[in-house]
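First the structure, in the form of structure tokens, and then the observations on it.
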Amino acid sequence: HAERAPRGAERGADERRRRRGRRRQRHARAAPRRRAGGQGVRRRQGAARVMLRCVPRRLLATKACSPGDVMKATRVFTREDLDAWARLTGDANAIHARPVPPFEAPIVPGLLLAATFPAVFARHHPGAVYRTQSLRFDKAVPVGAEVLSEIAIGAVREARAGAFATCATTLRLAATGALCVSGSARLWLPF
């Protein structure tokens, strides 16, 4: 008589087959599908499906922004700005109020520095909605130092009533050019 695998091994093999089938189904659902006419790719976003399509640069230049566009703004954060930030957020960290070693002067809160990016974008593109932001804090910014915020558009994709823009964000000390904050952002721009 033929040797039979133990019952647990059969169940394990069945479970592996079921998982493999589910994985294939998920992969098939997530795979891009072409629309009639060869334009567009369907992508799943949350529970809704959104139609995305690459847009010729010449069309976006008139409506929103183009890859390669750069927006800049300078700002000096004062003691009053930090006091207002502390009142609004409850951030009463001592490094923002007085010199604390290793810092020789009070430093500007990192998220207050990061808040300059949506402000710069909104100045150039009113109605823009900031969707995501990743940040890296490289150097502390002392109170009273002038900073230069810069946003460089990387990619732009058209959506229903606007476009999504992916950007590189940097904030530098204006005097020395030292990099203080870097990251990336994704925004929605209405047409």
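Restricting attention to the range 113-128, report how many residues are among the hydrophobic types (A, V, I, L, M, F, W, C) and either open to solvent by less than 40 Å² (accessible area, probe 1.4 Å) or closer than 15 Å to residue 168 by Cβ (or both). Walk me through it before giving the result.
Residues of the range 113-128 that are among the hydrophobic types (A, V, I, L, M, F, W, C), as a first pass: 113-115, 117, 119-122, 128.
Checking the rest, the ones that are also either open to solvent by less than 40 Å² (accessible area, probe 1.4 Å) or closer than 15 Å to residue 168 by Cβ (or both) come to 113-114, 117, 120-121, 128.
Final tally of qualifying residues: 6.
Inside the range 62-104, residues that are in a helix (DSSP H, G or I), farther than 21 Å from residue 146 by Cβ and not charged (D, E, K, R) make up a count of 5. With respect to (1) surrounded by fewer than 16 Cβ atoms within 10 Å (Cβ to Cβ); (2) free of Cβ contacts under 8 Å to residues at least 24 places away in the same chain, the lone exception for residue 170 is condition (1).
Here's the yes/no breakdown for (1) polar (S, T, N, Q); (2) open to solvent by 40 Å² or more (accessible area, probe 1.4 Å):
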site	(1), (2)
89	yes, yes
103	no, yes
111	no, yes
130	no, yes
137	no, yes
157	no, yes
177	no, no
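Taking every residue in the range 134-148 that is without any contact (Cβ under 8 Å) to a residue 40 or more places away in the chain and pairing it with any residue that is part of a loop (DSSP other than H, G, I, E, B) and charged (D, E, K, R), at least 6 positions away or on another chain, the pairs with Cβ-Cβ distances below 8 Å are 142/104. Scanning the range 139-155 for residues that are open to solvent by less than 20 Å² (accessible area, probe 1.4 Å), hydrophobic (A, V, I, L, M, F, W, C) and closer than 15 Å to residue 114 by Cα turns up 141, 147, 151.
The values are calculated or read from the model by the stated rules, or taken from the named source; none is laboratory data. Bear in mind that the values here come from a model prediction, so they are computed numbers and not experimental data. Methodologically, a virtual Cβ is constructed for each residue, glycine included, from the backbone with ideal geometry; neighbour enumeration extends over all protein chains shown. Remember, those area values only see protein heavy atoms, side chains included, never the ligands or the DNA or RNA. Shrake-Rupley method; radii C 1.70, N 1.55, O 1.52, S 1.80 Å.
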